[in-house]
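J.: I have a structure here, written as structure tokens, and I will follow up with some questions on it.
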Amino acid sequence: MTDIPTPSHPSLWRRVTALYAKLLEVLLAICLAALIFPVTLQIVSRYTALIPSYIWTEEMARFLFIWTIMIGAMVGVREALHFEVDVWPDLSRRGEAAVRIAARLGILALALVFVIAGIEFTRFAWNRTSELADLPLWLIHVAWPVAGFTWIVFAGEQIVDEAKIVLGKKA
């Protein structure tokens, strides 16, 4: 979060969300590290005769890639890593906070779409399995509502912080 002072004694909610953010960072690193294995197997089996060509590696790489993207997007919202364009570069601190609130409301709208459509998306895949690895497809589809819910939590925190700046209160 940008330009928002952190209180010396964060609330229980803030400590829980900070712990959740750390968990997401660890999961992101694990997903990225795990993604290397099936992709390496694909490359080695395609260009050498050292190992047989495994079909499941393509599905596993796709599953891990989707989760890596979604977890990365969750961390990106938490850290406010999305790009910003300075349309109004000479705004006061309160003005900047108001613009950031408007941007975060856009994130909230998209997050609601991810939650609502993602639940239906997951329901659709609940009793289905992948063709090659026979993995339950809901494991991949549940990434969308999880990401949406996480964005609501993180963007909501940021909106509260920005609203305190707009209202002239201490964060």
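The values are calculated or read from the model by the stated rules, or taken from the named source; none is laboratory data. Predicted model only: the values in this text are computed from it and were never measured. Here the Cβ is made from the backbone with ideal geometry for all residues, glycine too, and neighbour counts use every protein chain on show. We work out accessible area using only protein heavy atoms, side chains counted, and drop any ligands, DNA or RNA first. Shrake-Rupley method; radii C 1.70, N 1.55, O 1.52, S 1.80 Å.
J.: Report the FRET efficiency, 1/(1 + (r/R0)^6), for residue 30 and residue 8, where r is their Cβ-Cβ distance and R0 is 25 Å, rounded to 0.05. List each step's numbers first, then the result.
T.: Values: r = 32 Å, r/R0 = 1.28.
Efficiency at R0 = 25 Å is approximately 0.20.
J.: Tell me the label-point distance for the pair residue 50, residue 139, using the 7 Å Cα-to-Cβ offset, in nm and rounded to one decimal.
T.: Result for the modelled spin labels: 2.7 nm.
J.: Also: So for each of 141-151, 101-111 I average, over its residues, the number of other beta carbons within 10 Å; can you give me the resulting order with the highest mean first?
T.: Top of the packing list down: 141-151, 101-111.
J.: Which one is right for this structure if Kirkwood radius over Cα pairs in Å is calculated from it: [x] 19.4; [y] 16.4; [z] 18.4?
T.: This structure yields the entry labelled [z].
J.: At 1.4 Å probe size, put 56, 126 in order of accessible surface, largest to smallest. Could you put the intermediate results ahead of the total?
T.: Numbers: 56 90, 126 135 Å².
So the residues, ranked largest to smallest area, are 126, 56.
J.: Charges at C-beta only: +1 for Lys and Arg, -1 for Asp and Glu. How large is the resulting dipole of the chain about its Cα centre, in Debye rounded to 20? Numbers along the way, then the final one.
T.: Values: 15 positive and 15 negative charges, 106 e Å.
Charge dipole, the chain, about its Cα centre: 500 debye, nearest 20.
J.: Next question. How much length, in nm to one decimal, is gained on full extension between residue 117 and residue 15, taken as 0.36 nm per residue of separation minus their Cα-Cα distance?
T.: Full extension from residue 117 to residue 15 adds 33.8 nm.
J.: Taking 0.36 nm per residue of separation and subtracting the Cα-Cα distance, what length does fully extending residue 79 through residue 166 add? Numbers along the way, then the final one.
T.: Numbers: separation 87, 0.36 × 87 = 31.32 nm, distance 2.02 nm.
Gain in length upon complete extension: 29.3 nm.
J.: Ignoring ligands, DNA and RNA, what percent of the accessible area of the chain is carbon or sulfur (1.4 Å)?
T.: Carbon with sulfur: 70 percent of the solvent-accessible area.
J.: Highest mean first, what order results for 156-167, 42-53, 13-24 on Cβ atoms within 10 Å? Each step should come with its number before you reach the end.
T.: On the way: 156-167: 17.6, 42-53: 10.5, 13-24: 13.5.
Going by the mean number of other Cβ atoms within 10 Å, highest first, we get 156-167, 13-24, 42-53.
J.: Next up: Taking Cα centroids, how far is the range 94-125 from the range 60-80 in Å?
T.: Each part reduced to its Cα centre gives a spacing of 16 Å.
J.: Just to verify a number: FRET efficiency for residue 69 and residue 131, C-beta to C-beta distance, R0 = 22 Å, to 0.05?
T.: Values: r = 22 Å, r/R0 = 0.98.
Approximately 0.55, to the nearest 0.05.
J.: Counting helices only, and only those DSSP H runs with n ≥ 4, report the 222 nm mean residue ellipticity of the chain as the sum of -39,500 (n - 2.57) divided by its residues, in deg cm²/dmol to the nearest 500. Show your work: numbers first, answer last.
T.: Working: 5 runs with 120 residues, N = 171.
Computed ellipticity for the chain at 222 nm equals -25000 deg cm²/dmol.
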